[in-house]
1. Among the residues in the stretch 165-175, are any modelled with pLDDT of 85 or more, touching a strand residue (DSSP E or B) at 6+ places or on another chain (Cβ under 9 Å) and over 30 Å from Ala258 (Cα atoms)?
2. Which number in (1) under 20 Å from the mean Cα position of the chain (by Cα); (2) without any contact (Cβ under 8 Å) to a residue 24 or more places away in the chain; (3) under 20 Å from Thr77 (Cβ atoms) marks the one condition that Thr269 misses?
3. Criterion first (of a type outside the set (Asp, Glu) and open to solvent by 10 Å² or more (accessible area, probe 1.4 Å)) does Leu80 satisfy it?
4. So Thr79 passes all but one of these: (1) of a type in the set (Val, Ile, Thr); (2) without any contact (Cβ under 8 Å) to a residue 12 or more places away in the chain; (3) closer than 30 Å to Ser155 by Cβ. Which condition number does it fail?
5. Can you find a residue that is open to solvent by 30 Å² or more (accessible area, probe 1.4 Å) and more than 20 Å from the chain's Cα centre (by Cα) anywhere in the stretch 338-355?
6. Could you look through the stretch 189-219, keep only residues that are at pLDDT 80 or above and more than 15 Å from Thr127 (Cα to Cα), and pick out the one that is surrounded by the fewest Cβ atoms within 10 Å (Cβ to Cβ)?
7. Consider Ser161 against the criteria (1) at pLDDT below 90; (2) assigned to a strand (DSSP E or B); (3) closer than 29 Å to Glu119 by Cβ: it satisfies all of them except one. Which criterion is unmet?
8. Quick check on Ala130: is it among the hydrophobic types (A, V, I, L, M, F, W, C), more than 27 Å from Thr47 (Cβ to Cβ) and surrounded by fewer than 19 Cβ atoms within 10 Å (Cβ to Cβ)?
Amino acid sequence: MRTRTAFVLLTMFLLASCSSTPRTTMATPTSRVYHGTASVGDFMTITVDSSAQTISYTDLSNSTNGTVPYTINSDGTYTLSDPTGNLVGAYEVPNYALLIQAAKTGPNADTPALITAVESGQISMSTFEAQPYNYMQFRTAAGGLEVGSISVNSSGVGSNSSFWPYGAYNSGNQGQSPFNSGTIDMSQAQLDSSGTFLKIPDPGSSGVFDYVFGTANGIFAVDTQNGAILGLKKAARPAFDPSVAGTYKAIFYQKTGASTGAGNVETGTASLGNATLVVTSGGQVTVSNAQGNQMVQGTLIPVASVSYLYISGGSELQDPCNGVFTFRITTQGVSQQDVFVTFMDKAMLFSSFTANLAQPGTYSYFYGVGLN
């Protein structure tokens with residue numbers, strides 16, 4: 001179970017933004033450098049060398065590193081041949097983003113996680129000040145995901161509001177609200193000498209940092225001790241934008257049969273996989289795994305239109321989160337599934353939490369990133 005202090009600190013770091021303008025087509029350099037965050041909470045520097053067909057990485061959080069050969073599959077995904085068994089598969093949109101399936105991340109280098117990486121670029125505090133953002137947090141415990149928004153003023157103080165599905169549907173969390181809000185001062189952020197990421201001291205651990213990083217075209221992410229925070233600048237309106245329709249290739253993390261026990265340890269079966277997401281101009285989303293099996297399907301509804309999530313002045317989300325969409329699938333007495341989707345340029349974030357109503361306290365979830 002999260003502590004409230006950890007939550008408030010983490011949510012202020014959703015400094016992620018996204019340009020609403022189309023990406024500019026650029027020549028693909030032979031060597032491309034990315035910064036990445038793993039959903040278990042590892043900050044990484046990654047270099048893709050398309051001439052040598054290798055991916056080199058340094059994990060600053062657990063001090064592991066390696067160089068991994070890759071081959072390109074017919075669908076454009078990468079198969080990795082990591083002698084250590086860590087990096088398994090990947091998908092890249094050069095000059096934009098890189099997704100990796102990893103098997104050995106975390107403090108003990110033994111935890112599967114989704115790595116989301118973006119092109120290394122110059123940022124500063126002013127990049128995200130006085131901007132409103134939406135975000136999703138991906139982690140490998142405490143129900144796996146959180147969805148919300150933050151607004152950071154020109155003084156560097158962030159105000160956040162978020163929804164935590166695990167807190168809503170599990171009897172083991174009595175007394176903890178699934179809706180959270182708060183403020184935090186970001187004045188202690190330190191710009192790295194490279195100018196490509198910010199370091200923020202983690203209040204729970206001496207000498208430990210959380211990392212904010214991004215790209216020149218406006219995509220930002222945050223690596224924390226409690227997972228990855230990914231976000232985007234809010235849309236001007238809550239309505240679905242048909243221009244984001246298309247077919248997205250994705251990598252996802254999934255945990256089934258999960259429960260949280262003593263010491264806040266989450267059990268369950270974890271796995272990683274490739275997926276295809278088809279988004280229609282009418283806002284219908286279909287997620288299928290690599291075997292063609294449908295994982296979920298539904299029509300997107302703006303969060304601002306969903307009364308159980310957003311009621312102005314109530315205990316629910318205090319912000320309409322324009323640009324975030326959801327739908328709920330309920331099987332009476334069996335399960336209740338909440339799905340969340342948001343878009344950033346030609347990328348999308350998606351997440352799903354399913355509560356087992358027949359066996360309170362057990363649940364499943366998946367989340368991922370799709371690129372078009």
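The values are calculated or read from the model by the stated rules, or taken from the named source; none is laboratory data. Worth saying up front: this structure is predicted, and the values here are computed from it rather than measured. Positions of Cβ are generated from backbone atoms using ideal geometry, with glycine treated the same way; all protein chains shown enter the neighbour counts. These area figures cover heavy atoms from the full protein model, side chains too; ligands, DNA and RNA do not enter into them. Shrake-Rupley method; radii C 1.70, N 1.55, O 1.52, S 1.80 Å.
1. Within the stretch 165-175 (the criterion being modelled with pLDDT of 85 or more, touching a strand residue (DSSP E or B) at 6+ places or on another chain (Cβ under 9 Å) and over 30 Å from Ala258 (Cα atoms)), the answer is no, since none of the residues qualifies.
2. Status for Thr269: all satisfied but (3).
3. In short, yes.
4. (3)
5. Initially, the stretch 338-355 is screened for residues open to solvent by 30 Å² or more (accessible area, probe 1.4 Å), giving 345-346, 354.
Cutting the leftovers down to more than 20 Å from the chain's Cα centre (by Cα) gives us none.
Checked against the condition, which is being open to solvent by 30 Å² or more (accessible area, probe 1.4 Å) and more than 20 Å from the chain's Cα centre (by Cα), the stretch 338-355 yields no hits at all.
6. Per the criteria, the residue is Ser193.
7. It is condition (3) that Ser161 fails.
8. Values: among the hydrophobic types (A, V, I, L, M, F, W, C): yes; more than 27 Å from Thr47 (Cβ to Cβ): yes; surrounded by fewer than 19 Cβ atoms within 10 Å (Cβ to Cβ): yes.
In short, yes.
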